[in-house]
Each structure stands twice: as structure tokens, then as C-alpha cells.
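As C-alpha cells, the structure follows; a few thoughts come after it.
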Amino acid sequence: MFPEQIETEQLRLERISYDLVDVFALHELYRDGDDAAEMFTYWDSPPHQTVKETYDYVSELL
């Protein structure tokens, strides 16, 4: 199974959880804003229109 955390001198990866995620702050990054077109060029989904979309996205990752 994948470990809960992987850490090196330059990077720390942690398994995503609701304790670690501020859905409202994350939504600001994933929303359809001024720079969304460039950011989402290489993303696997379109920008999120609502906070609920972002919440549902995080739920799928858990």
C-alpha cells in the first residue's frame, strides 16, 4: 500500500485528507479565473464553476 507520507530534503508528499484541504482555498486555484485557460491547458478537467465541484473533486481523490 502507498505510505501515508514520503519525505526528502526538498519535497514532502502526504496522502490527501479533509484535514489537510481547505476546499474554499483550493477552489480559488481551480475556478474559472483570468489565468484558468493557461493553467487548465494541461489539466484533466475543465475549471470548476462552484465550490461543490471542487469538494466533489477532492472526494473522488479520497
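Worth a mention:
- Average Cα contact separation per residue, the chain, under 8 Å, 6 or more apart, as relative contact order %: 29
- Angstrom value of the Kirkwood radius, inverse mean 1/r, which spans all Cα pairs in the chain: 13.2
- Placing a pseudo-label 7 Å from each Cα along the Cα-to-Cβ vector at Q49 and I6 gives an inter-label distance of 3.6 nm.
- Amide H contacts of R31: H48, each under 5 Å away and 5 or more positions distant or on a separate chain (H built 1.01 Å from N in the peptide plane; Pro and chain starts excluded).
- Within a Gaussian network of the chain (alpha carbon springs, distance under 10 Å), most fluctuating of D22, D32, D44: D44
- Two-site label geometry, R31 and E60: point separation in nm, points 7 Å out along Cα→Cβ: 2.1
Read-outs: derived from the displayed coordinates by stated rules, not from any lab. Here the structure is a predicted model, which means the values were calculated and not measured. Methodologically, a virtual Cβ is constructed for each residue, glycine included, from the backbone with ideal geometry; neighbour enumeration extends over all protein chains shown.
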